[in-house]
Structure formats: structure tokens, C-alpha cells
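Single-structure report; data block below.
The values are calculated or read from the model by the stated rules, or taken from the named source; none is laboratory data. If you're wondering where the values come from, they're calculated on a predicted model, not measured in any experiment. With ideal geometry, Cβ positions are generated from the backbone for all residues, glycine too; neighbour counts draw on all protein chains shown. Ligands, DNA and RNA are stripped out before the accessible areas are found, and what is left, the full protein with its side chains, is counted by its heavy atoms. Shrake-Rupley method; radii C 1.70, N 1.55, O 1.52, S 1.80 Å.
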Amino acid sequence: MKKNSLYTLACLGVAALLAAGCSGDDAAGDFVEPAAATFRISTRAEVNDATQLTRLYIGERKPEHASEALHCNRVVDIENGTLNLTDLKPQWYKFVFLCVPKIDGTGEDIFTEETPGDGSCDMNKLMVDYTPVLNQAPGTEFPDVPTPDGDIFRKVENYWLQSGNNTINVELNRLNGQLVIDMGVLEDQFEHEVTQITLQVEDTPTRLYITDNDVDEIKTADPKTFTWTTTPDKNDLTQGDPEYHHKLTVNLLPGTLSGSITVTTKRGEFSYPLTGLNAPSLSIKQNTRTVLEFNGVQDNYFTVRYAGYAGTGIDVDDDEWDGWQDENND
């Protein structure tokens, strides 16, 4: 397999501190030979500084901190695929690499903590706020509205840096999933013209811890209910034109999926819970699409599949979506 978006982070210069309350390394006189590192980074999608924020968190153990605390030595913003650092001590570090969407009106505020504005230097309390992603309009296929970027990529590495140069290969993985709801050709599904479709997802996580308990765990918090409303285009079935499905797509953090679809027609309103014929319970999975296909007005209204390929099973993701390409297809 060939990995997209391969670029090098050469750690050879100076970086900014997270906040006034978080100090970096001690004075240079406390160690003889500093450590330098080259990080070789790959992700599952195209990395673009215009649309994404990429950041490295450097954590270390400090004897003056509580045993469960992980001191955030510094936070380094990565721009143009190059990062320069020189003043790392040869010791144990936890490196957390994050790539998040750059959202107008939010910017770096997407990076937060358990108590926003607290300035905590404990990496275990640092978080990503997913609310700006959830507040965006959904993608739809009819009308054709692209799904806004909601992808979060992360890699956590524990590493003992030796004096001199160190080289570390790092592969960032997508943490979020997607919900896709295919309502079919609305003129075939409903007797009267559909004027509005509303998706409601209940208790979906809105925040994400940057650390992973050293087991790649995705730790989420603050579940809330979100509602998205779309106005579908009308198929003209009398002219022999192609019949388009009305699909809705939203990015979500992993967790149990519950909610409903409400369809408003010129003769009334109809609500359908998000349950499936082939799934007693639904969930959003990391790096996986949860696809619900509307079966019409009947019990257990949706057929459910996980992945991007027709007829595949649970936990199979979509190469077109996640960015991997087979070398034979280049």
C-alpha cells in the first residue's frame, strides 16, 4: 500500500510554550549534549495548511508534579511540513501529533482543555473541541453540497530520545467516523412532496482528549444533541431525467448512535428512529462510515452497513475516503 501526504518534520530549532503556566526544558547548562529528532509523518488523507492545523505536543514526567500528571513541555505548531527544534533533553517523552480542521471563526480555539482558559500544563487534561465541526451544515448529494472537513488525525508515541540525532517514523490515524443517511428517491418513498428533512443525533460526544491511555484509546466527553435540517431538490420524474437520492453526511466522534430522521411533506410530518433491520444497536466507529439506507415507511426503517464498500461487513473502511491507495492503481 502507498501512503498519501508523506512529509518530514525535522526537529532542529525553537518552539513556543503552551501557556505561561507551562515551562519548557530547564536551562541548557543542565545537560551536556542535547537531543535532536527527525519525525517522518504520514496521514490517511491530504494534509493542507490552508484547511488544517497540525500540532505536536511534547510531554514529560516532572518530579514536582503529581504522579498521574504529564507535564506539557511545549506545544509546537507545524507549518509547511517543517518544524525546527534543538533544545530537547535526552530523556523520555510522550509525543502527541494532532491534525484538525481549520474552521472559520474557530481557528486555534478548537484546541482546548477540561476547563477552557485554565492554562493547565497537564497533557492529560488537554482536549480538542469538536463542537465547531458539529455546528457545520451537513453534506448532501441532492442538492450537491460537499461535506465540510471534520477529520481529526492523531498519533501518540512514547519515546526515549538519545543525545544526538533521532529519527522517528509516525503514522497519524483518523479518529472520527461518519454517518451517511441515504433517503433514496424521495418522490418514490413518499406520496407527497418532501419539503424538508431533519436529522437529529442524540448524545454525541463534543470533546476529545488528546492522550490515549497508551492503548490508542479515543477518550470523549460532553455528549450533546445536535440537529441538522436540509432542503432537498425535487426530482422531475416526468422528463426522464436521472433520479437522485437525497443523502445526508455528517462527521461524528466514535460512540453509540441514536436519534431520528424527520421528513416534512406538504401533507404532514413523519419521524423515523435511527434503528436498523440488521443491527439491534448502532454506533459510530473510528475511521468508518456508518451507512443507513431508508427502506420506506415500515418498521425498522433503515438497512445498516459499516464501511464504504457495498456488501462488506463491519469495520471495513473506504480507501477512497481514508486516503490509502493501492500502488497498482497509481
**Report entry** Two-site FRET efficiency, GLU191 against LYS224, from Cβ-Cβ distance with R₀ of 35 Å, rounded to 0.05
**Finding:** 0.50
Report task. Determine, from the Cβ-Cβ distance of THR38 and ASP241 and an R0 of 51 Å, the FRET efficiency 1/(1 + (r/R0)^6), rounded to the nearest 0.05. Result -> 0.40
Query - Net charge over other residues, Cβ less than 9 angstrom from the Cβ of VAL96 (K, R count +1; D, E count -1) - result: +2
**Report entry** Proximal lysines relative to LYS234, as straight alpha-carbon distance under 19 Å, when same-chain residues fewer than 8 apart are discounted
**Finding:** LYS247, LYS266
Query - Neighbour-limited loop hits for trypsin sites (Lys or Arg not before Pro), the range 140-242 (at most 15 other Cβ within 10 Å; DSSP other than H, G, I, E, B) - result: LYS219, LYS234
**Report entry** Accessible area expressed per residue, the range 178-278, with surrounding protein chains retained (probe 1.4 Å, Å²)
**Finding:** 48 Å²
